[in-house]
1. Setting aside same-chain residues fewer than 8 positions from Lys24, which lysines have a Cα under 30 Å from its Cα?
2. Once you place label points 7 Å from the Cα toward the Cβ at Glu122 and Glu67, how far apart are they in nm?
3. Can you list residues from other chains, or at least 5 along the same chain, whose modelled amide H is less than 5 Å from the amide H of Phe141?
4. I'd like to check one number: the per residue accessible area of the chain, probe 1.4 Å, reported in Å² as a whole number.
5. In terms of the ratio Rg/(2.2 N^0.38 Å) built on C-alpha atoms, what value belongs to the range 1-121?
6. To the nearest 20 debye, what charge dipole does the chain have about its Cα centre, counting +1 at the Cβ of each Lys and Arg and -1 at the Cβ of each Asp and Glu?
7. Calculate, in nm to one decimal, what Phe131 and Glu201 gain on full extension: separation in residues at 0.36 nm each, minus their alpha carbon distance.
8. List the pair-distance distribution P(r) of the range 145-191, using every Cα-Cα distance, as the percent of pairs falling in each 5 Å bin from 0 up to the bin containing the longest distance, rounded to whole percents.
Amino acid sequence: MHPNRDGWFSDGNVPCDPVPPLSKRPLRMVLMGPPGVGKGTQATRICKSFRTCHLATGDLFRNAQCEGPATPAMKAALAAMQQGRLVPDDVVIEMVRERSGCLKCQGGCLLDGFPRTVRQAEALDQMLDEFGAHLDAVIAFEMAIEAIVARLGGRRTCRSCRAVFHETSNPPATPGICDQCGGNLVRREDDTPEAIRTRMEVYDHESRPLMEYYDAGGRLLRVTADGSPQEVFNRTIGCLSSFLVPSDAQRAPNHVAR
Ligand code: AP5
């Protein structure tokens, strides 16, 4: 069964059920790329393949929005998110630090949307270093902006389980209803044209130094995100397999697309 994200959505002290299977060497990876390029879509597939947990900071904030009264810091974070701006580094770093149990998980983890700034990347390196771990790979998806805008325009997300669909490229069996849990599919609040524009500008501004940071450390893997979700997945796994040392690649023999 795919590991759940109970610990990630709480304060990191709630154990997942089932506990992810023990891996000889748990992989810790980061997914980066412009808003709407398909990070969440690929994260689901990669995690199923590697049996790691999908930890998305965006989901963390959206989940907090659905929960009870927000703290002042969280209210400010949610307002920033709605407008397409980045949540302040201190808030994001603190939220991830509170959940460092998830980073230590024996099954590994795939971070989606974190880090987004060099300061967050340095904080992550420090957190991993504290328990003798490191990042195995940083996958950066790249695609032309017009194609990304088309993907965002048709996106529908499940209000309950956060599964992601697309009106034309990945429609649900019943319009408006999640295939996985039967929840309602909605358009995300930050998918308005103004917020999308801001998110793209923020990404352009922040991503270059972040990519340089990871490139300099030999951890960056650039992957073109054109094509169907399956084609992008096959390409990603192909790149990852040659990037990771052989003992890592052997962990998941179903990585090679047939
Ligand atoms: P976050 O939730 O991380 O959003 P994002 O980075 O803007 O990315 P998206 O979730 O919009 O897109 P995606 O790349 O996952 O694409 P998807 O798979 O859905 O962050 C939201 C906000 O939270 C930020 O703006 C910020 O305010 C805040 N935040 C979060 N983390 C933060 C941090 N670390 N620091 C500061 N602030 C932070 O795909 C999009 C659509 O395309 C879907 O409909 C999908 O079905 C479709 N699709 C996907 N792949 C394909 C394909 N190959 N072909 C056709 N259609 C496809």
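The values are calculated or read from the model by the stated rules, or taken from the named source; none is laboratory data. For clarity, every value in this text was computed on a predicted model and none was experimentally measured. Neighbour counts run over all protein chains shown; Cβ positions are idealised from the backbone, glycine included. Note: accessible area is taken over every heavy atom of the protein model, side chains too, but ligands, DNA and RNA are not part of it. Shrake-Rupley method; radii C 1.70, N 1.55, O 1.52, S 1.80 Å.
1. Once the sequence-local lysines are set aside, what remains near Lys24 is Lys39, Lys48, Lys104.
2. Taking the two extended label points, one gets 2.9 nm.
3. Long-range HN contacts for Phe141: Met32, Gly33, Val223.
4. 49 Å²
5. Normalised Rg, Cα atoms only: 1.04.
6. I would put it at about 700 debye.
7. Working: separation 70, 0.36 × 70 = 25.20 nm, distance 3.50 nm.
Going from the current span to full extension adds 21.7 nm.
8. 5, 26, 33, 21, 11, 4, 0
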